[in-house]
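Every number in this text was worked out from the coordinates using simple rules, so none of it is lab data. The shown structure was predicted, so the numbers you read here are calculated from the model rather than taken from an experiment. Glycine also receives a Cβ, built like all others from the backbone with ideal geometry; neighbour counts cover every protein chain displayed.
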Protein chains: 2
Amino acid sequence: MRLVIARCSVDYVGRLSAHLPLATRLVMVKADGSVSVHADDRAYKPLNWMSPPCRIEEAPGVWRVVNKAGEELRITLDEIFHDTAFEFGPDPGLQKDGVEAHLQELLAASPAVLGAGFTLVRREYPTAIGPVDLLCRDTDGGTVAIEVKRRGEIDGVEQLTRYLELLNRDPLLAPVTGILAAQEIKPQARVLAADRGIRCVTVDYDTLRGFDNADDRLF
Amino acid sequence: MRLVIARCSVDYVGRLSAHLPLATRLVMVKADGSVSVHADDRAYKPLNWMSPPCRIEEAPGVWRVVNKAGEELRITLDEIFHDTAFEFGPDPGLQKDGVEAHLQELLAASPAVLGAGFTLVRREYPTAIGPVDLLCRDTDGGTVAIEVKRRGEIDGVEQLTRYLELLNRDPLLAPVTGILAAQEIKPQARVLAADRGIRCVTVDYDTLRGFDNADDRLF
DNA sequence: ATCTATATTTCGAGG
DNA sequence: CCTCGAAGTATAGAT
């Protein structure tokens, strides 16, 4: 990784055109050839960047970073205050916990959280337009399709609606009802879900972990 | 901005739990107190980060970065290879051109691009579920709702479908047809649009800029 | 290669 | 302050 602190101006021409006037910034060049330009605020987002794969053409005062699509990042260096390079070696990468996959896993283990007496038919139930997160059966023998999200938004309701439309064409399953299960559900998603006859269930991650060992406990 | 190259391990506990095993990385501390940890690849995204506003508690071998929501980033420094700090001063910020807003503006100025004889009723036509990008009238006096996107994808079709459903309940407007206008439209979006009776129009940004001065020119 | 769904998305506008 | 939609979204996984 190469770190350059410089007073520079930057121009990007690609999916849009953008310009950064002359100022002092950090230019970061990574081992994969990617380049990013950071100001002294905001942890996450660079002011400008070029994602890999890309190529750097380095001339004395101007760096041109181009990719296969013809997008170009041009960094004009006015004055360089610092320029160092380091060897990092490979990174083992991030280990995550608590995302949607785990939520789905916990709900599959305790379907009764979604409705009393619910039993799991299967996870990732395959359909022509993609797998349904969870397919359950209720106490009346009815089928229930469950869409699991970390945060329930309109997209999730639309997605579940498409699944329900499809599943209800199968006479062996119909009638199929739907549940949107998430740690948090946005008001607009609730409104749309209600309009579509989809039930919303908010699930608490920590509570669910408790249920995981207590198997089908009732409320 | 402070730049530290160090062999370190990182733990994040907040919206999820995540762990980075020991390896050499860049730790970036910005003037606003935000912290990010970068590996030697991917221009855009840090491996781990804490967005401002947040506070750093710096002990000899461990940095704790916490925010108001109680999220915590803990960086355990095993060996420090480099540690420097720089003053940047304020950044004038990015100047953009070519986004959806501008596209909408250009189409509003030249609605005939969307269909011969089209006239603009209004931009951002308000509805209960949000504003429709453009509302036009065709030569037969029919109403046309236009959703403008930079890239037309399924989401855009779904969004326009919701608008059309609503607009068609208004007897003063009905029947309302729909157009998805974008610089580029994905095949799946085209299929879904066709199924919903929505017309797809690809618009060229540079051509449109030409029309902007030539007012309602016909093809 | 393309498409889909997710993201500790971030960011900005508008109510 | 929340809510929603856009982003040069990026990124990972599946087809």
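Please determine whether any residue of the range B:95-103 is more than 27 Å from the chain's Cα centre (by Cα) and either away from chain A (no Cβ under 13 Å) or closer than 30 Å to B:Ile146 by Cα (or both).
no
What residue, of A:Thr143, A:Thr76, A:Thr127, is within 30 Å of A:Pro21 (Cα to Cα) and surrounded by 12 or more Cβ atoms within 10 Å (Cβ to Cβ)?
It is A:Thr76.
Any residue at all in the range A:35-51 that's assigned to a loop (DSSP other than H, G, I, E, B), of a type in the set (Lys, Arg), within 16 Å of DNA strand D (Cβ to nearest atom) and under 16 Å from B:Lys45 (Cβ atoms)?
yes
Could you tell me whether the range A:16-26 includes any residue that is part of a loop (DSSP other than H, G, I, E, B), in contact (Cβ under 8 Å) with a residue 12 or more places away in the chain, surrounded by fewer than 20 Cβ atoms within 10 Å (Cβ to Cβ) and within 16 Å of DNA strand C (Cβ to nearest atom)?
No, the range A:16-26 contains no residue that is part of a loop (DSSP other than H, G, I, E, B), in contact (Cβ under 8 Å) with a residue 12 or more places away in the chain, surrounded by fewer than 20 Cβ atoms within 10 Å (Cβ to Cβ) and within 16 Å of DNA strand C (Cβ to nearest atom).
Restricting the search to the range B:86-116, which residues are without any contact (Cβ under 8 Å) to a residue 12 or more places away in the chain, among the hydrophobic types (A, V, I, L, M, F, W, C) and exposed (fewer than 15 other Cβ atoms within 10 Å of the Cβ)?
B:Ala101
Yes or no, residue by residue, for (1) under 30 Å from B:Asn67 (Cβ atoms); (2) more than 16 Å from DNA strand C (Cβ to nearest atom); (3) among the small types (Gly, Ala, Ser); (4) within 11 Å of another protein chain (Cβ to nearest Cβ):
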{"position": "A:Ala6", "(1), (2), (3), (4)": "no, yes, yes, yes"}
{"position": "A:Val35", "(1), (2), (3), (4)": "yes, yes, no, yes"}
{"position": "A:Ala39", "(1), (2), (3), (4)": "yes, no, yes, yes"}
{"position": "A:Cys54", "(1), (2), (3), (4)": "no, no, no, yes"}
{"position": "A:Gly61", "(1), (2), (3), (4)": "no, yes, yes, no"}
{"position": "A:Ile75", "(1), (2), (3), (4)": "no, yes, no, no"}
{"position": "A:Asp83", "(1), (2), (3), (4)": "no, yes, no, no"}
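Starting from residues that are in a strand (DSSP E or B), more than 14 Å from chain B (Cβ to nearest Cβ) and touching a residue at least 40 places away in the same chain (Cβ under 8 Å), keep the ones in the range A:159-198 and report whichever is nearest to DNA strand C (Cβ to nearest atom).
A:Ala181
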